[in-house]
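A.B. asks: Below you'll find the structure I mean.
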Amino acid sequence: MSEPTRVEAQGDVAPEGLIDAFWSYERALMADDLAELDRLFADGPATLRGDAAGLLVGHGEISRFRGGRGGAPRRTVVEVHVRTIDDGHALVVAVTAPERGGRGQQTQLWQRSADGWVVAAAHVAVPAPAHDSRVWRVVGDPLVRPTGAGPLDGESVAVKDLFAVAGQPVGAGNPRWIERAPVETAHAGAVRTLLGAGASVRGIARTDEFAYSLAGTNAHHGTPPNPQAPRRISGGSSSGSASAVSLGHATIGLGTDTGGSIRVPAAYQGLYGLRPTHGAVTTSGLMPLAPSFDTVGWLTRDAGVLAKVGAVLLPEAAPRAVDDVVVVPELLGLAEPDVRAAVERFVADWGGPVVESWDVPTTAWAEAFRVHQAAEAWASHGRWLTGRLDSLGSDVRERFEAAAQIGPEETAAAARAVAEARATIRDLVGDRIVVLPSAPSVAPLVGSDLGAVRSATLQLTCVAGLGGLPALSIPVTTTAGLPAGVCLVAAPGRDRDLLELAQRI
């Protein structure tokens with residue numbers, strides 16, 4: 001690595017050794033010298049390092065972040081300013097010129113230690129992109145104006161890149177697909193209804209490839225940020241829509257939920273999300289994944305807006321009182337301890353649910369769901385993917401490769417198991433509200449192995465999916481301050497009851 005070009009420090013006379021320490025840090029940063037970077041940051045639980053993605057607290061957290069990011073973007077330091085606080089502390093502000101353009105800035109509080117100067121706190125600012133391509137495929141101001149007026153006046157929608165938006169192709173999260181995708185001449189049914197009720201379309205949001213994921217880690221476009229849990233995954237496949245809402249870029253995230261793709265990002269990002277009764281909201285103009293389970297859902301930052309969307313998209317239904325609320329220990333036990341505790345606190349605050357034991361084969365249910373979903377996913381996309389599987393990211397490719405191997409007998413057996421599970425689940429739920437975790441864990445860190453997380457998640461999310469039932473995710477917080485979700489599941493057609501209940505809670 002070439003030596004960084006040193007510029008003269010401006011401002012106060014720097015304490016002895018400080019400027020040398022600053023440039024040692026800059027050399028280590030550009031060389032991704034993790035040992036030297038660790039040495040130059042104060043070794044303790046109070047050390048801080050923040051940027052637009054969030055704040056890291058403690059030397060260990062900062063070190064883990066650096067070890068997983070693969071180096072910092074290349075840049076040149078163009079200005080250095082020093083403000084001396086006392087003999088043992090100084091503030092250094094540096095203006096940087098990233099290779100990709102623009103201007104950045106870093107502010108560091110240095111303190112003198114027994115071994116020399118070290119950084120006690122740092123904040124990094126980089127140039128903001130014109131739009132975050134991890135979140136948006138295309139965005140406008142707005143992209144599509146309302147076609148009418150109504151209860152959604154002033155609301156804005158991030159549309160998952162599976163819905164037809166007139167004048168745009170459907171991208172499905174895959175660059176090869178969008179190369180040949182036709183420009184849509186009409187809006188999908190749900191998009192048309194939202195526009196007619198006064199909402200605008202802010203833009204078309206990223207999705208996992210063909211919606212065949214629960215993570216949000218698109219191999220081509222990156223992982224949309226999770227502002228409520230920085231450096232953790234966003235949750236998929238409605239990841240872009242969820243992040244757009246969480247970031248405040250839109251008030252409504254229009255997405256889909258096949259295996260949990262509304263409920264999981266809602267839980268990971270502290271949002272409200274509804275997976276409606278299967279078939280309650282039209283899927284016209286929607287690219288399918290597994291039609292037996294595909295539902296059109298939405299995410300918001302508050303329960304009131306969630307209900308306003310429901311009033312527009314859901315069929316009319318006579319309200320029914322919520323009399324019985326049921327907690328099932330076997331389902332609650334599928335969550336990790338921190339999430340389980342958050343759900344238990346929610347239930348305790350709510351007061352008085354019935355605790356009811358269910359002897360149910362959630363592992364077998366999840367497997368039946370997986371096989372049936374895979375068979376339908378290959379039926380939906382196998383013809384196009386044949387000869388093009390190398391265009392997919394590794395995780396989605398593995399699922400489609402496995403789906404291609406499912407034969408008629410296995411497909412038929414899975415269909416029978418799904419039908420049996422649906423009947424059992426609907427009988428168990430009855431006319432009550434069942435409380436369970438929306439996802440078994442908080443959002444995993446970016447770069448984590450997500451195979452086990454996906455398997456554990458499906459054991460919870462398949463309950464509503466197999467039953468074709470409405471499921472509403474309500475945000476809660478773990479004792480560590482991370483978002484999680486409580487899921488309320490009800491009988492078919494009780495979507496509006498769940499929305500009303502969420503507002504009262």
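A.B. asks: May I ask you to verify whether THR193 is surrounded by fewer than 24 Cβ atoms within 10 Å (Cβ to Cβ), β-branched (Val, Ile, Thr) and either assigned to a loop (DSSP other than H, G, I, E, B) or at positive phi (or both)?
C.D. replies: no
A.B. asks: Let me ask something else about it. Taking the condition more than 29 Å from PHE369 (Cα to Cα), among the charged types (D, E, K, R), in the same structural domain as GLY148 (by TED's automatic domain parsing) and at pLDDT 95 or above, does GLU179 pass?
C.D. replies: Against the criterion (more than 29 Å from PHE369 (Cα to Cα), among the charged types (D, E, K, R), in the same structural domain as GLY148 (by TED's automatic domain parsing) and at pLDDT 95 or above), GLU179 qualifies.
Every residue, every condition in (1) free of Cβ contacts under 8 Å to residues at least 40 places away in the same chain; (2) crowded, with 24+ Cβ neighbours inside 10 Å; (3) farther than 26 Å from ARG275 by Cβ, yes or no:
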residue	(1), (2), (3)
PRO146	no, no, no
LYS160	no, yes, no
PRO175	no, no, yes
GLU179	yes, no, yes
GLU209	no, yes, no
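A.B. asks: While we're on this one: Would you be able to tell me the number of residues in region 126-144 that are in a loop (DSSP other than H, G, I, E, B) and either surrounded by 21 or more Cβ atoms within 10 Å (Cβ to Cβ) or among the small types (Gly, Ala, Ser) (or both)?
C.D. replies: Going residue by residue through region 126-144, those that are in a loop (DSSP other than H, G, I, E, B) are 126-135.
Then keep just the ones that are either surrounded by 21 or more Cβ atoms within 10 Å (Cβ to Cβ) or among the small types (Gly, Ala, Ser) (or both); that gives 128, 130, 133, 135.
Number of matching residues: 4.
A.B. asks: Return yes or no: is ALA342 more than 20 Å from GLU209 (Cβ to Cβ), in contact with a strand residue (DSSP E or B) (Cβ under 7 Å, 6 or more places away or on another chain) and not in a helix (DSSP H, G or I)?
C.D. replies: On the way: more than 20 Å from GLU209 (Cβ to Cβ): yes; in contact with a strand residue (DSSP E or B) (Cβ under 7 Å, 6 or more places away or on another chain): yes; not in a helix (DSSP H, G or I): no.
No, not satisfied.
A.B. asks: Then there is this: Among the numbered conditions (1) outside the structural domain of GLY54 (by TED's automatic domain parsing); (2) closer than 21 Å to ASP38 by Cα, tell me where ARG112 comes up short.
C.D. replies: It is condition (1) that ARG112 fails.
One line per residue, one yes/no per condition, for (1) in contact with a helix residue (DSSP H, G or I) (Cβ under 9 Å, 6 or more places away or on another chain); (2) without any contact (Cβ under 8 Å) to a residue 60 or more places away in the chain:
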| position | (1), (2) |
| --- | --- |
| HIS372 | yes, no |
| GLY393 | yes, no |
| ALA403 | yes, yes |
| ILE406 | yes, yes |
| ALA415 | yes, yes |
| GLY430 | no, no |
| LEU460 | yes, no |
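A.B. asks: To continue, here is another question. Under 21 Å from PRO169 (Cα atoms) and either modelled with pLDDT of 95 or more or part of a helix (DSSP H, G or I) (or both): which single residue out of GLY253, GLY259, GLY235 fits that description? Please lay out each step first, then the result.
C.D. replies: Details: GLY259 fails: under 21 Å from PRO169 (Cα atoms); GLY235 fails: under 21 Å from PRO169 (Cα atoms).
Residue meeting the stated conditions: GLY253.
A.B. asks: Here are the criteria: (1) over 29 Å from GLY60 (Cβ atoms); (2) in a strand (DSSP E or B); (3) in contact (Cβ under 8 Å) with a residue 60 or more places away in the chain. Tell me which single one HIS123 does not satisfy.
C.D. replies: Every condition holds for HIS123 apart from (1).
A.B. asks: Here's another thing I want to ask about it. Given the options LEU466, LEU428, name the one that is within 19 Å of VAL486 (Cβ to Cβ) and more than 16 Å from the chain's Cα centre (by Cα).
C.D. replies: LEU428
A.B. asks: Look at region 379-405 and say how many of its residues are of a type in the set (A, V, I, L, M) and surrounded by 17 or more Cβ atoms within 10 Å (Cβ to Cβ).
C.D. replies: 4
A.B. asks: Considering only residues that are farther than 23 Å from VAL126 by Cβ and touching a residue at least 40 places away in the same chain (Cβ under 8 Å), which ones fall in region 44-62? Break it down stepwise before answering.
C.D. replies: In the first step, residues of region 44-62 are kept if they are farther than 23 Å from VAL126 by Cβ; the result is 44-46, 60.
If the condition is that a residue be farther than 23 Å from VAL126 by Cβ and touching a residue at least 40 places away in the same chain (Cβ under 8 Å), then ALA46 is the only one that fits.
A.B. asks: I would also like to ask the following. Here are LEU214, LEU274: which of them is in a strand (DSSP E or B) and touching a residue at least 24 places away in the same chain (Cβ under 8 Å)?
C.D. replies: Checking each option against the conditions leaves just LEU274.
A.B. asks: Filter region 366-416 down to the residues that are farther than 14 Å from SER292 by Cβ and of a type in the set (Phe, Trp, Tyr) and list them by number.
C.D. replies: TRP384, PHE400
A.B. asks: Right, something else. Of all residues in region 450-493, count the ones that are out of contact with any strand residue (DSSP E or B) (no Cβ under 7 Å at 6 or more places or on another chain) and either surrounded by fewer than 24 Cβ atoms within 10 Å (Cβ to Cβ) or within 15 Å of SER261 (Cα to Cα) (or both).
C.D. replies: 22
The values are calculated or read from the model by the stated rules, or taken from the named source; none is laboratory data. These numbers come from a predicted model, not from an experiment. Note: ideal-geometry Cβ built from the backbone for every residue, glycine included; neighbour counts use all protein chains shown.
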